[in-house]
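**Student:** Next up is a structure, given as structure tokens.
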Amino acid sequence: EVKRWVLSDFDIGKPLGRGKFGHVYLAREKRSNHIVALKVLFKSQLKQSQVEHQLRREVEIQSHLRHPNILRLYGYFYDQTRVYLILEYALKGELYKELQRCKHFSERRSATYIASLARALIYLHGKHVIHRDIKPENLLIGSQGELKIADFGWSVHTFNRRRTMCGTLDYLPPEMVEKTEHDYHVDIWSLGILCYEFLYGVPPFEAKEHSETYRRIVKVDLKFPLKPFVSPAAKDLISQMLVKNSAHRLPLHKLLEHPWIVQNADPSGVYRG
Ligand SMILES: CC[C@@H](NC(=O)c1cc2[nH]nc(NC(=O)c3ccc(N4CCN(C)CC4)cc3)c2s1)c1ccccc1
């Protein structure tokens, strides 16, 4: 009984943002007056980059997920030239812009976000899904200030593997940089990178040249600046996640019991400022 959507089912509003292969618009479904985000992707660009299979997987995976910190995908449709994804509207926008505005987040805000993302990843991994692209640009903020993981374009079911990668290198764990096999531990690494960037405002292995970032990642050349002040407990958590041997990274359920999370994360998963 899957509904066949068409563009005329929606009133299109202002453009919300843009990403690879297309734009996302505010939209209202006419019959229900339900506000959604309509992601419009160009078939020509998808074909050119041979990512149609990735988009099919994104839709397949995201449409079956139900979690407060994972952006809902309600449906999709296409016409001659474009593919449309009907997505949950995240009212407070893009996390990376908020991070740019604040420079870096407090320990309480960072811990609250990291704990909610850990719970979302536990849910995902429980469904044998790896997101593989956890970074500020793929995180949105809902109406209550809660984080929503968006853009499952790089997610995979664990039984199949990926070959090529593109986009920012900063979040890649050693095993993906060295193109060895990888599994759900990659998301633990990326969450550690994210925690560092929330607290310091920059990712830990950032460098001018890609080759230098590569070298720092595979070496796990982790340094903690003196400014801004970050507690030893936070550094301890990050150091337990950014571990080269993926099997030795702190498991996500252990992360939720870590003293820094227990003492700083708001139990509701919502940062109220
Ligand atoms: C994560 C990238 C991805 N984006 C989505 O899928 C997206 C899905 C989705 N749902 N809701 C969104 N909300 C917004 O984008 C948004 C942006 C700014 C807003 N504000 C402006 C400042 N103001 C003070 C508060 C309100 C509010 C909502 C987005 S983006 C993407 C990928 C490819 C192509 C397009 C988009």
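Just so you know, all these numbers are worked out from the coordinates, no wet-lab data involved. Note that the coordinates shown come from a computational prediction; the quantities given were computed from them, not determined experimentally. We place every Cβ from the backbone using ideal geometry, glycine too, and count neighbours over all the protein chains shown.
**Student:** For VAL2 and ASP79, compute 0.36 nm times the residue count separating them, minus their Cα-Cα distance, and round to one decimal in nm.
**Tutor:** 26.0 nm
**Student:** Among THR168, THR112, THR213, THR81, what is the fewest-to-most ranking by other Cβ atoms within 10 Å? Spell out each step's value before the answer.
**Tutor:** Working: THR168 14, THR112 26, THR213 20, THR81 9.
By the 10 Å Cβ count, ascending: THR81, THR168, THR213, THR112.
**Student:** For each of VAL59, VAL2, VAL36, count neighbouring Cβ atoms within 10 Å of the residue's Cβ, then give the residues from fewest to most.
**Tutor:** So the residues, fewest neighbours to most, are VAL2, VAL59, VAL36.
**Student:** Starting from the amide H of ARG82, placed 1.01 Å from N in the peptide plane, find each other amide H under 5 Å away whose residue is 5 or more places distant or on another chain.
**Tutor:** When sequence neighbours closer than 5 places are left aside, the close amide H contacts are LYS43.
**Student:** How many lysine pairs are close in the range 31-131, with Cα atoms under 22 Å apart and the two 8 or more places apart or on different chains?
**Tutor:** Value for the range 31-131: 4.
**Student:** Kirkwood Rh over Cα pairs of the chain into Stokes-Einstein at 20 °C, 1.002 mPa s: D in µm²/s? Show your work: numbers first, answer last.
**Tutor:** Working: Rh = 19.4 Å.
Value of D from the Cα-based Kirkwood radius: 110 µm²/s.
**Student:** Further question: Measuring from label point to label point, each 7 Å out along Cα→Cβ, what is the LYS219 to GLU206 span in nm?
**Tutor:** The answer from the label model is 1.9 nm.
**Student:** Order of ARG132, ARG101, ARG215 from fewest to most other C-beta atoms within 10 Å?
**Tutor:** ARG101, ARG215, ARG132
**Student:** Follow-up question, since we're still on this one. Only four residue types carry charge here, +1 at the Cβ of Lys and Arg and -1 at the Cβ of Asp and Glu. Report the dipole size of the range 120-273 about the Cα centre in Debye, rounded to the nearest 20.
**Tutor:** On the way: 19 positive and 18 negative charges, 40 e Å.
For this selection, approximately 200 debye.
**Student:** Just grab the label-to-label distance for LEU91 and GLN45, each label 7 Å out from Cα along the Cβ direction, in nm (one decimal).
**Tutor:** 2.9
**Student:** Tell me which trypsin sites (Lys or Arg not before Pro) from the range 1-54 have a DSSP coil assignment and no more than 11 other beta carbons within 10 Å of their own.
**Tutor:** Loop-located and lightly packed - LYS3, ARG4, LYS30, ARG31.
**Student:** Per DSSP helix of 4 or more residues, -39500 (n - 2.57); summed, then divided by the residues of the chain. What does that give at 222 nm, rounded to the nearest 500?
**Tutor:** -10000 deg cm²/dmol
**Student:** Specify the longest stretch of the chain that does not include any exposed loop site, a site being one of the chymotrypsin sites (Phe, Trp or Tyr not before Pro) with a non-H, G, I, E, B DSSP assignment and at most 12 other Cβ atoms within 10 Å.
**Tutor:** On the way: sites that count: PHE159, PHE229.
For chymotrypsin sites (Phe, Trp or Tyr not before Pro) (loop position, at most 12 other Cβ atoms within 10 Å), the longest site-free span of the chain is 1-158.
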